[in-house]
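Asks: My questions will all concern the structure given below.
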């Protein structure tokens, strides 16, 4: 079993600089009083280094399980975001229904379609080969995905503080998360406006 885990970990290195071997090397340098950032081998953010150092020292045998739990929490957050976004769409559809053309009733969203979308969200995330490889390879991408999923969840709920907190955590590790600031702000505004029209 250990051999298979090592093989997957070595193979997943192709996913980028966020793999467990890179983190282990950074922790080793950190433990021995060597600045992990002085060379070109370690590229993780300082908070991730400290957090993984703590996990590595105190919960080393639990690290694969922690990664799986975070991955499942990400799937739950995404499906919950789908639920909240579906409610928002149904509410908006109800408010605008009088403006729709006659005979379009079959095109309108219904609860059954939204339940199916929630299940599809779970299945697509959990069985995505990239997601499975990231989790099996113990890459920090698992945590980036979690932060983004939580940002989407809080955005779909219309909660600014939670969305900003998790978007900033995602942005701490991922540069491209900055591109989500404006869409999240627009979505939060639309969701909050729908509260007042309800």
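Only the coordinates and a few stated rules stand behind these numbers; no lab work does. Treat the numbers as computed from the prediction; the structure is a model and nothing was measured.
Asks: Could you tell me, in Å, what Rg and Dmax come out for the Cα atoms of the chain?
Replies: 20.6, 73
Asks: If a/c stays under 1.5 just call it rounded; otherwise compare a/b with b/c (prolate if a/b is bigger, oblate if not). Do that for segment 76-159, with a ≥ b ≥ c from the square roots of the Cα gyration tensor eigenvalues.
Replies: On the way: a/c = 4.16, a/b = 2.21, b/c = 1.89.
The shape class here is prolate.
Asks: Further question on the same structure: Relative to the longest principal axis of the C-alpha atoms of the chain, give the angle of the C-alpha long axis of helix 2-11, reported between 0 and 90° and rounded to the nearest 10°.
Replies: It works out to around 70 degrees.
Asks: Just 83, 119, 142 to compare: in a GNM of the chain, with alpha carbon springs under 10 Å, which one fluctuates most?
Replies: With Cα springs under 10 Å in the chain, the top fluctuation among 83, 119, 142 is at 119.
Asks: Could you give the distance between the Cα centres of segment 153-198 and segment 19-63, to the whole Å?
Replies: A separation of 31 Å, based on Cα centres.
Asks: In degrees, nearest 10, range 0 to 90: what is the angle between the Cα axis of helix 20-31 and the longest Cα principal axis of the chain?
Replies: 50
Asks: Hey, another quick one. Note the angle between two axes, namely the Cα long axis of helix 181-197 and the longest principal axis of the Cα atoms of the chain, as a number of degrees from 0 to 90, rounded to the nearest 10.
Replies: Helix 181-197 sits roughly 40 degrees off the main axis of the chain.
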